[in-house]
Each structure stands twice: as C-alpha cells, then as structure tokens.
Amino acid sequence: MPEFNRAVLFINGECKDLNHLELEEHDFLVAVDGGMQYLNRLALTPHLIIGDMDSIDPLDLQSMLAEGVQIERFPPQKDQTDLELAIDLVLQKGFKRILLIAALGGRLDQSLANLFLLTRDDLKDINVCMQDGQESVFLVHREAHIHTLPGDRLSFLPLCTPVTGISTKGLRYPLNNETLFPQKTRGISNEALSNKVSINIESGLLLCIHTHMGSES
C-alpha cells in the first residue's frame with residue numbers, strides 16, 4: 001500500500017495519554033470495534049472498522065457507514081479476537097509496521113492474549129509496537145535500539161523460556177551477556193541514562209516495556 005507507511009490499530013483497552021501517541025501523517029487507521037472511541041476523541045476518521053461490533057457505539061457505526069468507511073463485520077461466535085482478525089488483515093495488505101493503540105488494560109484475559117499475539121511467527125520480521133501514550137511495549141527478537149530520555153524506565157520480561165546472551169548499552173544497570181528467567185524479576189525497572197538504549201540477545205523472546213517518565217501522570 002504505497003500511500004500508507006504504517007497500520008495503526010485502535011483497540012478497546014486503556015489509553016493513558018492520547019496527546020503523547022506517536023501518530024504519523026500517512027497512517028492507515030483501523031478501529032478495532034470499540035477502539036473507535038479513541039479515533040473520535042482525536043477527531044480522526046478510520047480507513048477501516050473491523051470486529052463483531054459488540055462494543056462500538058451504534059451511532060458511530062452508522063455515521064461511518066454513511067461516510068463510506070470500509071466495514072469488516074464478523075459474528076460474535078468466532079475463534080479469533082477482533083484484534084487478531086485486524087492483524088491478519090493488515091498483514092494481508094502488506095504492512096511491515098504496525099502500531100497497536102490501547103491494546104492493554106481492562107480485562108486481564110484480553111491483555112494477556114494481546115501480548116502473546118506479539119509472539120506470532122509471521123510478526124517476527126514486522127515492526128510491531130503497543131502504545132498507550134505513556135508506555136511502549138514490544139518484543140526484542142535479536143536486537144533493538146530504543147529512543148529514550150534520561151530517566152525513562154525500561155523493564156525486560158522473558159516470555160515462556162529464558163532469554164540468553166543479553167547485552168545492553170545506555171542503562172543504569174547493564175547486562176553483559178547474561179540470562180533472564182521468566183520466574184525471576186531481575187529485568188524489572190531499569191533506567192535509561194541517555195537518549196538511546198541498545199539491547200542484543202542470542203536466543204528467546206524478550207518483552208520490553210518502555211515507560212516514558214515525562215508522560216507519567
């Protein structure tokens with residue numbers, strides 16, 4: 001899709017600060033069912049609405065239909081969540097960058113399911129990040145270079161299995177070819193010392209939670 005650089009999916013979770021979302025001019029905007037509420041608050045019109053339509057305001061849906069917005073409706077009885085269906089669709093459209101807004105918060109089962117969607121094999125080479133205006137969440141497969149401000153908090157959580165060969169630069173508590181374990185909490189609450197943090201790993205899936213401290217309320 002040459003006219004769009006990135007797919008941005010608005011989900012019906014919690015968004016802590018709409019003013020600090022990192023939106024771009026040429027984003028393909030997707031309302032994932034009730035995530036339409038955030039597009040309304042930003043005064044943005046989606047290019048697509050997808051889901052079983054059980055949480056979107058019916059008046060919003062009617063209005064978007066009148067404006068000619070593409071609607072992808074699915075039955076409530078299905079084997080995938082609305083977000084999984086939305087990810088499938090934007091991958092089919094060829095997007096290599098995906099931003100998930102308000103994918104966490106609210107129901108714990110939904111939040112955990114959304115986090116584990118990041119481990120899909122077909123997302124390994126896709127730039128995928130979750131944001132809520134205060135925190136950014138993404139997986140590190142091999143390496144990552146994170147734009148930070150001094151004092152930002154970074155936590156690293158190994159998913160499912162230990163993550164080995166972790167080396168970092170730019171953190172108050174550096175890791176030097178070390179291993180983090182899912183059942184231990186050593187990777188929590190590190191601190192950025194500069195405008196860039198680098199991390200490399202040898203094996204495993206490492207979840208990074210970057211808290212932008214200047215956005216904390």
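The values are calculated or read from the model by the stated rules, or taken from the named source; none is laboratory data. Because the structure is predicted, anything quoted here is derived from the model rather than measured. Counting neighbours? That spans all protein chains shown, and the Cβs are built from the backbone with ideal geometry, glycine included.
Does S167 satisfy the criteria of being in contact with an Asp or Glu (Cβ under 9 Å, 6 or more places away or on another chain) and within 30 Å of Q92 (Cα to Cα)?
Answer is no for this residue.
Quick check, is A103 touching a Leu at 6+ places or on another chain (Cβ under 9 Å) and farther than 29 Å from E202 by Cβ?
no
Which of the following residues is outside the structural domain of G13 (by TED's automatic domain parsing), in contact with a Gly (Cβ under 8 Å, 6 or more places away or on another chain) and surrounded by 13 or more Cβ atoms within 10 Å (Cβ to Cβ): F156, F74?
Only one candidate qualifies: F156.
Would you confirm whether any residue within the stretch 129-146 is part of a loop (DSSP other than H, G, I, E, B) and at positive phi?
Checked against the condition, which is being part of a loop (DSSP other than H, G, I, E, B) and at positive phi, the stretch 129-146 yields at least one hit.
Can you tell me which residues in the stretch 167-217 are among the aliphatic types (A, V, I, L, M) and under 15 Å from A144 (Cβ atoms)?
L171, L175, L180, A192, V197, I199, I201, L205, L206, L207, I209
Applying the selection to the stretch 3-21, what residues are surrounded by fewer than 24 Cβ atoms within 10 Å (Cβ to Cβ) and not in a loop (DSSP other than H, G, I, E, B)?
R6, L18, N19, H20 - these are the residues of the stretch 3-21 that are surrounded by fewer than 24 Cβ atoms within 10 Å (Cβ to Cβ) and not in a loop (DSSP other than H, G, I, E, B).
What are the residue pairs meeting all of these: first residue in the stretch 163-175, first residue in the same structural domain as R186 (by TED's automatic domain parsing) and over 13 Å from E202 (Cα atoms), second residue in a loop (DSSP other than H, G, I, E, B) and at pLDDT 95 or above, Cβ atoms under 8 Å, and 6 or more apart or on different chains?
Listed pairs, sorted by first residue: G170/T148; G170/L193; L171/L193; R172/L193.
So which of G106, G165 is outside any helix (DSSP H, G or I) and either at pLDDT 95 or above or aliphatic (A, V, I, L, M) (or both)? First the steps, then the outcome.
On the way: G106 fails: either at pLDDT 95 or above or aliphatic (A, V, I, L, M) (or both).
Exactly one residue qualifies, and that residue is G165.
Please work out if I49 is at pLDDT 95 or above and over 21 Å from the mean Cα position of the chain (by Cα).
no
Quickly run through the stretch 58-79 and pick out the residues that are polar (S, T, N, Q) and either in a loop (DSSP other than H, G, I, E, B) or under 25 Å from the mean Cα position of the chain (by Cα) (or both).
Q70, Q77
Can you tell me which residue among S111, S55 is part of a loop (DSSP other than H, G, I, E, B), touching a residue at least 12 places away in the same chain (Cβ under 8 Å), over 13 Å from A7 (Cβ atoms) and not aliphatic (A, V, I, L, M)?
S55
Look through the stretch 168-211, keep the residues that are among the basic types (K, R) and in a strand (DSSP E or B), and return whichever of them is surrounded by the most Cβ atoms within 10 Å (Cβ to Cβ).
Taking the stretch 168-211 and keeping what is among the basic types (K, R), we get 169, 172, 184, 186, 196.
Those still in the list that are in a strand (DSSP E or B) too: 169, 196.
Numbers: K169: 14, K196: 12.
Per the criteria, the residue is K169.
Has the stretch 24-32 got any residue that is within 14 Å of I101 (Cβ to Cβ) and more than 18 Å from the chain's Cα centre (by Cα)?
Taking every residue of the stretch 24-32 in turn, none turns out to be within 14 Å of I101 (Cβ to Cβ) and more than 18 Å from the chain's Cα centre (by Cα).
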